[in-house]
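The values are calculated or read from the model by the stated rules, or taken from the named source; none is laboratory data. Predicted, not measured: the structure shown is a model, and the values here were computed from it. As a convention, Cβ positions derive from the backbone with ideal geometry for all residues, glycine included, and neighbour counts pool all protein chains shown. Quick note on the areas: whole protein, heavy atoms, side chains included, nothing else; ligands and nucleic acids left out. Shrake-Rupley method; radii C 1.70, N 1.55, O 1.52, S 1.80 Å.
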Amino acid sequence: MTQKQQPNILVIMADQFAAPVLSTYGGKTAITPHLDKLAAGAVVFDSAYCNSPLCAPSRYVFMSGQLPSKIGAYDNAAEFPADIPTYAHYLRHSGYRTALSGKMHFCGPDQLHGFEERLTTDIYPADYGWFPDWENFDKRPSWYHNMSSVTQAGKTVRTNQLDFDDEVVFHAQRYLYNHVRGDDTRPFCLTVSMTHPHDPYAISGEYWDRYEGIDIDMPSFELADDEQDPHSRRLLHVYQKDRDQMTDQQIRDARRAYYGAVSYVDDQVGKLMQALKETGLADNTIVVFTADHGDMLGERGLWYKMSYFEWSARVPLMVYAPGFFESHRVSQSVSIMDLLPTFVELANDGKPPEYAMPIDGRSLMTHLRGAGSTDEAAHDEVIGEYMGEGVVAPMFMIRRGNYKYICSKPDPDQLFNLAEDPEERINLAEDEKYRELTANFRREATSRWDSDAITRDVIISQKRRRLVAEAHKLGKAPVWDHQPIFDASQMYMRNTIDLDDLEKRARFPQVSDE
């Protein structure tokens with residue numbers, strides 16, 4: 001990497017975006033010209049994962065570089081502690097202005113976590129209402145996913161999510177324009193986080209019709225509901241799946257709407273890249289595209305996320321910075337937990353910083369520089385922890401080399417060789433030939449995690465949050481949701497500013513006085 005000044009960083013995050021649908025990862029159906037162009041000039045990570053396949057935990061890990069059990073990031077109602085440093089904090093220390101446009105699913109009263117500005121509110125609530133209850137697993141809360149997203153999938157005029165993401169991208173574009181029109185000389189780190197292509201599987205006619213005449217593929221294979229592993233059977237209970245009540249056409253409609261939402265995201269990426277070009281920021285801006293987790297989309301007979309199978313846990317990760325890194329593919333397994341140390345090193349000319357607390361993420365700088373650029377070995381490992389819906393004890397994952405190992409105390413171990421079995425059809429933990437390898441992974445997991453202690457911590461946290469959430473419903477409820485505030489007195493035409501000065505300040509590029 002060579003740079004004359006600190007680079008701007010533009011992070012684009014999609015929600016529930018399964019890596020396998022993109023053509024750069026072998027997908028055959030989704031229409032994504034802007035992401036295809038981005039990938040052609042980027043460092044593309046072929047084996048990138050989230051660390052916890054659920055929205056809030058995954059995002060807390062992404063922002064903090066810490067595994068969920070270290071920071072209490074158990075589920076979608078877990079509070080993100082305000083004293084946990086995020087990449088936004090570190091970058092501010094390094095002289096950056098930091099902003100978030102869109103979703104980050106922060107729960108609790110701190111809705112900034114190092115961002116100087118939030119340009120929009122969040123699409124999800126900031127309170128503790130969406131807590132699981134491991135001690136009463138069979139009592140299914142009404143806010144869990146259900147299969148209406150599939151059975152009601154199709155074309156629509158408008159959705160909550162279109163309202164949100166249109167606003168997210170508009171404010172992000174305006175931020176870029178204001179950056180070059182303003183007098184703040186600091187580099188920026190702008191995080192743009194959309195809620196598409198997250199279910200429900202409904203998309204506007206513009207994107208639904210884009211797939212007219214295209215053969216929408218069915219899942220590559222399905223397991224019958226009664227043939228699923230124990231964790232997957234619990235997930236079927238969580239979202240009330242009954243395959244007998246779903247038609248193949250409904251599944252195709254759901255996948256078509258999902259592909260349409262992927263194309264919507266692609267168009268928004270195009271708008272942001274165009275804004276960088278128009279403002280002259282492109283040459284010194286590092287663009288990162290990724291997601292918080294994937295979507296099973298009916299693969300293996302499963303939907304949504306909440307498992308460590310590939311479609312749920314593997315995410316796109318591209319770093320587009322032609323002036324900094326030559327485009328190439330990275331085969332090693334990495335995770336979005338690794339982005340915090342990467343961002344911090346990018347902001348400090350590649351120098352590892354002194355962290356305020358030990359972090360679990362590992363920098364991707366060696367991967368970004370490419371083969372032959374350093375003697376340092378690029379890591380090839382992902383560690384995962386999941387304590388959200390569908391489990392009754394922590395579920396852990398180790399992805400290393402060709403293998404993925406998954407374990408949870410009440411369930412049989414799972415071991416897959418992804419080089420030979422990319423669809424994860426064969427559980428090698430049941431194969432006598434892999435008994436020693438499975439035992440080695442099991443010993444490592446036992447050494448790394450105290451499952452009983454984490455279980456106790458999770459249940460105590462659930463009980464605390466349940467009491468607080470119920471108490472907050474009585475009387476006047478606190479409001480933690482982020483409230484964007486705009487100073488209208490400084491916008492557009494105002495008599496406090498000379499007209500010529502105002503027009504000059506707002507125009508880009510500025511016209512010379514001569």
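On inspection, Arg443 qualifies as over 25 Å from Trp134 (Cβ atoms), assigned to a helix (DSSP H, G or I) and open to solvent by 50 Å² or more (accessible area, probe 1.4 Å). Taking the numbered list (1) farther than 22 Å from Gly294 by Cβ; (2) part of a loop (DSSP other than H, G, I, E, B); (3) not basic (Lys, Arg) in turn, Gly361 passes all entries but (1).
Screening Ala261 with (1) within 30 Å of Met395 (Cβ to Cβ); (2) surrounded by 21 or more Cβ atoms within 10 Å (Cβ to Cβ); (3) more than 19 Å from the chain's Cα centre (by Cα) gives one miss only, at (3). Among the residues of the range 1-56, which ones are of a type in the set (S, T, N, Q), within 30 Å of His145 (Cβ to Cβ) and either in a loop (DSSP other than H, G, I, E, B) or open to solvent by 20 Å² or more (accessible area, probe 1.4 Å) (or both)? Once the filter is applied, which keeps residues that are of a type in the set (S, T, N, Q), within 30 Å of His145 (Cβ to Cβ) and either in a loop (DSSP other than H, G, I, E, B) or open to solvent by 20 Å² or more (accessible area, probe 1.4 Å) (or both), the range 1-56 yields Gln16, Ser23, Thr24, Thr29, Thr32, Asn51, Ser52.
In the range 71-87, how many are among the hydrophobic types (A, V, I, L, M, F, W, C) and surrounded by 23 or more Cβ atoms within 10 Å (Cβ to Cβ)? The qualifying residues number 4.
Whether a residue is in contact with a Ser or Thr (Cβ under 7 Å, 6 or more places away or on another chain) and under 25 Å from Ala73 (Cβ atoms) was assessed, and Leu346 does not pass this test.
Can you tell me which residue among Ala172, Ala78, Ala82, Ala99 is modelled with pLDDT of 95 or more and part of a helix (DSSP H, G or I)?
Ala172
Out of curiosity, is Ala261 under 30 Å from Arg140 (Cα atoms) and out of contact with any strand residue (DSSP E or B) (no Cβ under 7 Å at 6 or more places or on another chain)? Answer is no for this residue.
Pairs are defined by a Cβ separation below 6 Å, a sequence spacing of at least 6 or placement on different chains, a first member in the range 95-112 that is farther than 15 Å from Arg174 by Cβ, and a second member that is part of a strand (DSSP E or B); the pairs so defined are Tyr96/Cys189; Thr98/Cys189; Lys103/Ser193; Met104/Ser193. Might you let me know whether the range 270-286 holds any residue that is over 25 Å from Leu54 (Cβ atoms) and acidic (Asp, Glu)? Yes - at least one qualifying residue is present in the range 270-286.
Among residues of the range 407-422 that are in a loop (DSSP other than H, G, I, E, B), those with a Cβ under 8 angstrom from a residue that is of a type in the set (Gly, Ala, Ser) and surrounded by 14 or more Cβ atoms within 10 Å (Cβ to Cβ), sequence gap 6+ or separate chain, pair up as Lys409/Ala393; Lys409/Ser451; Pro410/Ala393; Pro412/Ala429; Asp413/Ala429.
Within the range 377-389, does at least one residue satisfy the condition of being without any contact (Cβ under 8 Å) to a residue 60 or more places away in the chain, over 26 Å from the mean Cα position of the chain (by Cα) and within 23 Å of Val330 (Cβ to Cβ)? Yes: the range 377-389 contains one or more residues that are without any contact (Cβ under 8 Å) to a residue 60 or more places away in the chain, over 26 Å from the mean Cα position of the chain (by Cα) and within 23 Å of Val330 (Cβ to Cβ). Of the residues making up the range 200-214, those that are in contact (Cβ under 8 Å) with a residue 12 or more places away in the chain, open to solvent by 10 Å² or more (accessible area, probe 1.4 Å) and part of a loop (DSSP other than H, G, I, E, B) number 2. Being out of contact with any helix residue (DSSP H, G or I) (no Cβ under 8 Å at 6 or more places or on another chain), among the basic types (Lys, Arg), surrounded by 11 or more Cβ atoms within 10 Å (Cβ to Cβ) and within 30 Å of Asp413 (Cα to Cα) is not true of Arg464.
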